[in-house]
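Peer 1: Sharing a structure below in structure tokens format, with a few things to ask.
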Amino acid sequence: GCNHSCTFCIIPSMRGPLVSRPIGDVLREAENLAKAGVKELLIVSQDTSAYGVDVKYRTGFWGGRPVRTKLYDLCKALGELGIWVRLHYVYPYPSVDELIPLMAEGKILPYLDVPFQHASPRILKAMKRPASAENNLERVRRWREICPDLTIRSTFITGFPGETEAEFEELLQFLEEAKLDRVGAFAYSPVEGAAANELANPVPDEIREERRIQLMEFQEDISTERLERFIGREMTVLVDEVDDEGALARSPGDAPEIDGLVVIPAGEHLEPGEFARVRITDCDVHDLYAEPI
């Protein structure tokens, strides 16, 4: 893995009730990491968009100044550290809309990991998930109007109990319209003690898996098309590894270990951990290829 980014949790537990860490603690930790040379922070929690809800957006203090326990205020403050800030597990609530201008201004990375999970309203309800597909499509459109370079990563579940062929088609239609940049998919698997185990009409194992493969193949063209728009453009990348064959870096659209890479064949002079300017020359389904400027 890469040694130059760092993950820290806003909310300690990934399960159970949401407990927001005091914002002063989070910002002090982030500041110390930045001072220690960390170049990228991954903001991770069970539901990052709900940060501060449990403490009624209580005001904390950082560097002697008041800061509300709210995702917008956290991102604005983190954006002052001069390093990459990447958001994960952000549900598409209306409050997320106000983060997009921060991305357009370059304060935080134009990247959102949004666990949409499905597109059928009935399945989303059965999953006990908020939001409806129409609102989500409209929201994605609006986000991209404000910040055209926004990269959206999401995950979906195929074969949830009761999912019909028509509902699976609805999911593919959603992907066709949303044109997400990065997509992961899981075939549904029963979790011990989960309420979904009791739902009627479980989908047979092989169909769950067939649908997962079909979804990933369907998405491949969309992901490639999204990367093609960068060809010929210049961008700043974060260098992870260098050897005599060149360098491996990541673009603002690549979270470590789950997304793609920027391959720089003539990048043997670059240093791991540095921000480098490159020109994108080519792409495939997952990765970009670039030359140093």
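Peer 1: Can you tell me which condition Ala196 does not meet? The list is (1) in a helix (DSSP H, G or I); (2) at pLDDT 95 or above, and all the others hold.
Peer 2: (2)
Peer 1: Just to verify a result, which residue in the range 28-42, among those that are surrounded by 14 or more Cβ atoms within 10 Å (Cβ to Cβ) and of a type in the set (Gly, Ala, Ser), is nearest to Arg250 (Cα to Cα)?
Peer 2: Ala34
Peer 1: Let me ask something else. Does Tyr51 satisfy the criteria of being among the hydroxyl-bearing types (Ser, Thr, Tyr) and either at pLDDT 95 or above or over 14 Å from the mean Cα position of the chain (by Cα) (or both)?
Peer 2: Answer is yes for this residue.
Peer 1: Go through the range 43-69 and count every residue that is of a type outside the set (S, T, N, Q), in contact (Cβ under 8 Å) with a residue 40 or more places away in the chain and surrounded by fewer than 20 Cβ atoms within 10 Å (Cβ to Cβ).
Peer 2: 5
Peer 1: Mind listing whichever residues of the range 203-230 are open to solvent by 70 Å² or more (accessible area, probe 1.4 Å) and touching a Lys or Arg at 6+ places or on another chain (Cβ under 9 Å)?
Peer 2: Glu225
Peer 1: Follow-up question, since we're still on this one. Within the range 211-255, which residues are assigned to a loop (DSSP other than H, G, I, E, B) and closer than 24 Å to Arg144 by Cβ? So that I can check it myself, show each step before the final result.
Peer 2: Kept after step one, since they are assigned to a loop (DSSP other than H, G, I, E, B), are these residues of the range 211-255: 229-233, 244-245, 251-255.
Matches in the range 211-255: Arg229, Phe230, Ile231, Gly232, Arg233, Ser251, Pro252, Gly253, Asp254, Ala255.
Peer 1: Take Leu171 and tell me if it is without any contact (Cβ under 8 Å) to a residue 40 or more places away in the chain, more than 27 Å from Pro252 (Cβ to Cβ), of a type outside the set (Asp, Glu) and out of contact with any helix residue (DSSP H, G or I) (no Cβ under 6 Å at 6 or more places or on another chain).
Peer 2: No.
Peer 1: If I filter the range 178-188 for residues that are in contact with a helix residue (DSSP H, G or I) (Cβ under 9 Å, 6 or more places away or on another chain) and more than 30 Å from Leu150 (Cβ to Cβ), do I get at least one hit?
Peer 2: no
The values are calculated or read from the model by the stated rules, or taken from the named source; none is laboratory data. Nothing here was measured: the structure is a model prediction, and the numbers come from that model. Don't worry about glycine lacking a Cβ; one is built from the backbone with ideal geometry, like all the others, and counts go over all protein chains shown. Ligands, DNA and RNA are stripped out before the accessible areas are found, and what is left, the full protein with its side chains, is counted by its heavy atoms. Shrake-Rupley method; radii C 1.70, N 1.55, O 1.52, S 1.80 Å.
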